[in-house]
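To keep things clear, I will list the structure first and then write my remarks on it.
The values are calculated or read from the model by the stated rules, or taken from the named source; none is laboratory data. All values reported here derive from a predicted model rather than from experimental measurement. All Cβ positions, even for glycine, are placed from backbone atoms using ideal geometry, and neighbour counts span all protein chains on display. Surface accessibility is based on the protein's heavy atoms, side chains included, excluding ligands, DNA and RNA. Shrake-Rupley method; radii C 1.70, N 1.55, O 1.52, S 1.80 Å.
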Amino acid sequence: METNVRGRFAPSPSGRMHLGNLFTALLAWLSVRSAGGTMVLRMEDLDPDRCRPEYAQLLADDLRWLGLDWDEGYEVGGPHGPYSQSERTEYYAQCFRTLEEKGLVYPCYCTRAERLAASAPHRGDGQEWYSGRCRTLSQEERAELERTRRPAWRLMVSTESMSFIDGHIGHYEEQLHAGHSDFLIRRSDGVYAYQLAVVADDGEMAITQVVRGADLLSSTPRQMYLYRLLGMTPPTFYHVPLLVAENGRRLSKRERDLDLGELRRRFTPQELTGHLAALAGLLDRPEPVSPAELVSQFSWSSIPTHDLDVSNFFHTILGKS
Ligand code: GLU
């Protein structure tokens, strides 16, 4: 068992949380609390176009409503603050310079995919493999392109394979070059990309355990590469099942899938925790329970590794009012 566990929940305040976000938060919290560790709440509000302070407040309020707390982070403070990414830009700039000094950063003038770089890549977001087109531009070509467009910045990946052992899923491996290729670490408007910020923060905040949705599994090899380049120790990752609606569609804030506003009107915190615990295999049936009552029975072995279809759950609760 890990000692001195430091875990975190790192949501993006780009909308009200939905059931899937809360499921991840509950498992992250249970994993930390069952190990007697420290829980950190970090707001990943990198993207000024999508994130709002009101959503961050609602997020904290919704977590507390369910019965989840945190020892460090948003509204609580602590030794690794500030805990909102929008206030950590200077620190990302330092990490960016470290990568630049290694000769691994280059400007990219291609426009596609940039819009989403500050958000974690979730399934169906359309974040794509990059051909490496701008890697080999000459100085003259760069100067020419620079006249009409400010570049974004990419990190050169190596041709090696990056592997890691996920605490829940097991061995995972990807050839960075064949997988996602050179990836964005900073947008042309200066906003740092999720991949850089998440590693910089988990590293600096001395996080030992990252529990997050399985759609970030394929980001992890890139993040392992960044840990190495920045000279930081990677945490143990635990990727948890995604909750999906009809036809395997991932729940999404943008689709306005039943959010916490709606769920709070329909359920008590204990009822909702009971549903989440049953989905996680921690209870045989959804019975009212508090997160604190689940701590002693928490075990990764009961939690499925495949997507969890919650369309029945939605039909049932939509029928209940
Ligand atoms: N901020 C990301 C999200 O909203 C999660 C990042 C992570 O846990 O690594 O999905």
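Say whether the condition of being of a type in the set (Gly, Ala, Ser), open to solvent by less than 20 Å² (accessible area, probe 1.4 Å) and closer than 27 Å to residue 267 by Cβ is met by at least one residue in segment 35-46. Checked against the condition, which is being of a type in the set (Gly, Ala, Ser), open to solvent by less than 20 Å² (accessible area, probe 1.4 Å) and closer than 27 Å to residue 267 by Cβ, segment 35-46 yields no hits at all. If you scan segment 166-185, which residues turn out to be of a type in the set (Val, Ile, Thr) and open to solvent by less than 40 Å² (accessible area, probe 1.4 Å)? Within segment 166-185, 185 is the sole residue that qualifies. Collect the residues in segment 186-221 that are of a type in the set (Phe, Trp, Tyr) and touching a helix residue (DSSP H, G or I) at 6+ places or on another chain (Cβ under 6 Å), keeping them in residue-number order. Selection gives 192 alone. For the subset of segment 226-241 comprising residues that are open to solvent by 10 Å² or more (accessible area, probe 1.4 Å) and away from the ligand (no atom under 11 Å from the Cβ), which member is nearest to residue 308 (Cα to Cα)? Selected residue: 236. Of everything in segment 186-198 that is within 15 Å of the ligand (Cβ to nearest atom) and either surrounded by 24 or more Cβ atoms within 10 Å (Cβ to Cβ) or hydrophobic (A, V, I, L, M, F, W, C) (or both), the residue that is farthest from the chain's Cα centre (by Cα) is 191.
All of 163, 131, 119 fail the test of being part of a loop (DSSP other than H, G, I, E, B), surrounded by 13 or more Cβ atoms within 10 Å (Cβ to Cβ) and touching a residue at least 24 places away in the same chain (Cβ under 8 Å), apart from 119. Scanning segment 129-163 for residues that are hydroxyl-bearing (Ser, Thr, Tyr) and touching a Phe, Trp or Tyr at 6+ places or on another chain (Cβ under 6 Å) yields nothing. With respect to the stated conditions, residue 220 fails to be modelled with pLDDT of 95 or more and open to solvent by 10 Å² or more (accessible area, probe 1.4 Å). Of the residues in segment 147-160, how many are more than 30 Å from residue 87 (Cβ to Cβ) and open to solvent by 50 Å² or more (accessible area, probe 1.4 Å)? Selection size over segment 147-160: 4. Looking at the structure I just gave you, is residue 230 of a type outside the set (Gly, Ala, Ser), at pLDDT 95 or above and over 19 Å from residue 42 (Cα atoms)? Answer is yes for this residue. Among the criteria (1) farther than 19 Å from residue 185 by Cβ; (2) open to solvent by 70 Å² or more (accessible area, probe 1.4 Å); (3) over 19 Å from the mean Cα position of the chain (by Cα), the one residue 67 does not fulfil is (2).
Any residue that is at pLDDT 95 or above, assigned to a helix (DSSP H, G or I) and within 30 Å of residue 304 (Cβ to Cβ) - is there at least one of those in segment 66-80? Looking for residues that are at pLDDT 95 or above, assigned to a helix (DSSP H, G or I) and within 30 Å of residue 304 (Cβ to Cβ), one finds at least one in segment 66-80, hence yes. Screening the candidates 35, 28 for the property of being out of contact with any helix residue (DSSP H, G or I) (no Cβ under 7 Å at 6 or more places or on another chain) and more than 12 Å from the ligand (Cβ to nearest atom) yields one hit, 35.
Do we have any residue at all in segment 39-51 that's closer than 17 Å to residue 167 by Cβ, outside any loop (DSSP other than H, G, I, E, B) and within 14 Å of the ligand (Cβ to nearest atom)?
Yes, the conditions are met somewhere in segment 39-51.
Within segment 83-108, the set of residues being more than 16 Å from the ligand (Cβ to nearest atom) and open to solvent by 20 Å² or more (accessible area, probe 1.4 Å) comprises 89, 90, 91, 94, 97, 98, 100, 101, 102, 103, 104, 105. Residue count for segment 263-274 under the criterion of being part of a helix (DSSP H, G or I) and open to solvent by 50 Å² or more (accessible area, probe 1.4 Å): the result is 5.
Taking segment 201-216 as the range and being of a type in the set (Asp, Glu), more than 8 Å from the ligand (Cβ to nearest atom) and open to solvent by less than 10 Å² (accessible area, probe 1.4 Å) as the test, only 201 passes.
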